[in-house]
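The structure appears below as structure tokens.
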Amino acid sequence: MFVLNFKLDIKKIVFGCILIALALATIIKFGNDSTNTVSSKTTNTFDYTLTEENYVDTLKTIHENLDENIGKTVQMNGYVYRMPDFKDNYFVCGRDYLVNNENNVAGFLCYEDQGDNLLDNEWIEITGVIAKGEYNGETPVLKVNHITKITAPANTYVQ
């Protein structure tokens, strides 16, 4: 015959319940916060975000360090610009900048499966991944993941 004999201690039971409740509250609080942080980072974080202030310098850095930047993500806006010798579905997402009082176009050579459907001078915001390509030598090519048509900004020039 087996006899089980134990004494209930109300203080220990209450203390144990409080510890369990605190542990659950901590897991719920910090578990939800870290999930939200991760999801916002994956949807809004890019290796490079080109702005009016950093546009030309960022492009120069990427071009000069192409091998180190392959696979990095970019977000930018500009207008669609094409040269007559571009391959199908290639275009430049570019902005105007002045050098010695001369207007130039600065931007990324981009590839998108439906790139030929974009109109010249149409303003777009794009996100994509940097790859190595060829156009008059080795150059970065932005493989576009997402395109949104936008209105032209008040200032179309960049620095």
- Item | Where a label projected 7 Å from the Cα of ILE150 along Cα→Cβ would reach, residues of the stretch 103-128 with amide N under 15 Å | 107-108, 122-128
- Task: For the stretch 115-125, just list the computed ³J(HN,Hα) in residue order, Karplus coefficients 6.51, -1.76 and 1.60, θ = phi - 60°, integers in Hz, with x standing in for Gly and Pro.
- Result: x, 5, 7, 7, 8, 4, 6, 6, 7, 9, 10
- Apply the Karplus parameterisation 6.51 cos²θ - 1.76 cosθ + 1.60, with θ equal to phi minus 60°, to every residue of the stretch 67-74 and state each ³J(HN,Hα) to the nearest whole Hz, in sequence, with x for glycine and proline. 4, 6, 9, 4, x, 7, 9, 9
- Query: Local charge sum around ILE147 (other residues, Cβ-Cβ under 11 Å, Lys/Arg +1, Asp/Glu -1)?
  - Reply: -3
- Item | For q = 0.11, 0.18, 0.22 Å⁻¹, Debye-computed log10 I/I(0) when each Cα of the stretch 37-159 counts as one equal scatterer | -0.35, -0.97, -1.45
- Amide hydrogen neighbours beyond the local backbone of VAL141, cut-off 5 Å, H modeled: ALA131, LYS132, GLY133
- Message: What does the net charge come to around ASP116 if you take all other residues with beta carbon closer than 13 Å to its beta carbon, with K and R at +1 and D and E at -1?
- Response: -3
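Coordinate-derived values only; no laboratory data. Please read these numbers as outputs of a predicted model, since none were measured by experiment. Neighbour counts run over all protein chains shown; Cβ positions are idealised from the backbone, glycine included.
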